[in-house]
Amino acid sequence: MNTKIIKAKKSLTRPRNKLILVILFIAVGLLFNRYVIKGSSENKDLSLAKTKVGKLILLPTNEEPTLAEVTDNKTIKDAVLAKSSKNGDQILFYTKSRLVVVYRPSINKIVLAGDLFADPAYSEADGATIIVMNGNNDDSKTQGIIADIKRLYPNSVVSVGGKTVRSDFPKTIVIDNTSKKDNFRAALIQDIKGNLGVVPLSETKTDSDIMIIVGKD
């Protein structure tokens, strides 16, 4: 299962309220966007974090959590989490118990806690093929969108499709060629500020799962 980053539905004031999160599973660990959160594999760091957090909240005892540290919360898109978290915060993820705890060592307090959920968009993104085409003669914008998609969905396969026949597309459009990746398409539209679209008459449908035409907007 793949996901990108954290999404919170609402602010939490006490443990176990629901917090909607998107989790990125790579290999055997939980890794987040490298610009936002870094994973910690140091047993002593994890043990210390568990000890401190365990004095503030009852933690699951039937599994080992994954520890992550916020390194750049400015790139967190979710308003609630961006407002609640700070650089240096530690996050414990209990996947079996579906629990996440955000702990602030500087004040020895839990600032956010809740249930862990997976976003279906990232299940659909796993292994999905995406072709991005330049429809506005601005190669730098096209390359920027490609870089963003690779960063946010590292387990998808992103390719450059070259230039479109038309070079004056006013808006960026996202097309689901499979008609089965509605969640992923919707997430991409939000991420790259695109629009729902269909293959224009001037263009040829690609053999990828997702086709993106980068416009002037």
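No lab work stands behind these numbers, since they all come straight from the coordinates. Because the structure is a prediction, the values reported are computed rather than measured. Positions of Cβ are generated from backbone atoms using ideal geometry, with glycine treated the same way; all protein chains shown enter the neighbour counts.
Summary table
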{"item": "Residue order, fewest to most beta carbons within 10 Å, for Ile146, Ile57", "result": "Ile57, Ile146"}
{"item": "Chymotrypsin sites (Phe, Trp or Tyr not before Pro) restricted to DSSP loop in segment 90-188 with at most 13 other C-beta within 10 Å", "result": "none"}
{"item": "Neighbour-count ranking [beta-carbon atoms within 10 angstrom, fewest first] of Arg104, Arg98, Arg185", "result": "Arg98, Arg104, Arg185"}
{"item": "For segment 60-186, the Rg and Dmax computed from alpha carbons only, in angstrom", "result": "19.1, 59"}
